[in-house]
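The values are calculated or read from the model by the stated rules, or taken from the named source; none is laboratory data. Worth saying up front: this structure is predicted, and the values here are computed from it rather than measured. A quick note on method: Cβ atoms are made from the backbone with ideal geometry, for glycine too, and the neighbour counts reach across all protein chains shown. Surface areas here come from the heavy atoms of the whole protein model, side chains and all, with no ligands, DNA or RNA. Shrake-Rupley method; radii C 1.70, N 1.55, O 1.52, S 1.80 Å.
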Amino acid sequence: MRGKATVWLVGMMGAGKTAVGRALAGRLELPFVDTDAEVERAAGASVAAIFAREGEAGFRAREREAVEKLAGMPAVVALGGGAPAQPGVWELLERSGTVIWLRAPVETLLARVGAASERPLLEGLETEARRERISALLAERTPVYARAALALDTDELEPEVLARRLSETLAGAAP
């Protein structure tokens, strides 16, 4: 994967992007960056507060700025679930790095996000409504995620095992 410095992790909230990303970054000896954390740092506010103050459009604009700043940086980057679906973002990801889709079924995602109090797209929803919302978002985003160079199911393996598999695959793909 030489010449494409950034390893982009995409997938739904709860798919394991942060946990796998940290482990993968350690294996690859690269920094780990979470775009949500970058947006929060730059805005001086939580994602939930940005959504409340600026709406989803404001958050997405900030998220895109973070992606643009990180593009091409030698790092493992976990993107927010909706980032790759924003206009022009996917093309930027592909030009600047290797895109990996971390997949998990709806029930796994639902269990991992729990009450979702810090997830603006799920905030205040009861369990069944969260399940329906996650299902709808997954159906909407899957065609975008499916364009990734690699895809890996995360529901039954520990992050370290997944990171080992990814690092081996990435090393094998480098000329």
Next item on the list: Being in contact with a Leu (Cβ under 8 Å, 6 or more places away or on another chain) and assigned to a loop (DSSP other than H, G, I, E, B) narrows it down to one of 23, 15, so name that one.
Entry: 15
Note to self: Would you confirm, using the coordinates I've provided, whether residue 69 is of a type in the set (Lys, Arg), within 19 Å of residue 140 (Cβ to Cβ) and either surrounded by 23 or more Cβ atoms within 10 Å (Cβ to Cβ) or in contact (Cβ under 8 Å) with a residue 24 or more places away in the chain (or both)?
What the structure shows: no
Check: Pick from 19, 57: which is farther than 12 Å from residue 75 by Cα, open to solvent by 40 Å² or more (accessible area, probe 1.4 Å) and within 15 Å of the chain's Cα centre (by Cα)?
Finding: 19
Next item on the list: For residue 169, state whether it is closer than 17 Å to residue 7 by Cβ, in contact with a strand residue (DSSP E or B) (Cβ under 6 Å, 6 or more places away or on another chain) and either polar (S, T, N, Q) or not in a helix (DSSP H, G or I) (or both).
Entry: no
Check: Hey, among 92, 102, 28, which residue is touching a Gly at 6+ places or on another chain (Cβ under 8 Å) and either in contact (Cβ under 8 Å) with a residue 60 or more places away in the chain or open to solvent by less than 70 Å² (accessible area, probe 1.4 Å) (or both)?
Finding: 102
Note to self: Exactly one of these conditions fails for residue 108: (1) among the hydroxyl-bearing types (Ser, Thr, Tyr); (2) closer than 20 Å to residue 29 by Cβ; (3) crowded, with 17+ Cβ neighbours inside 10 Å. Give me its number.
What the structure shows: (2)
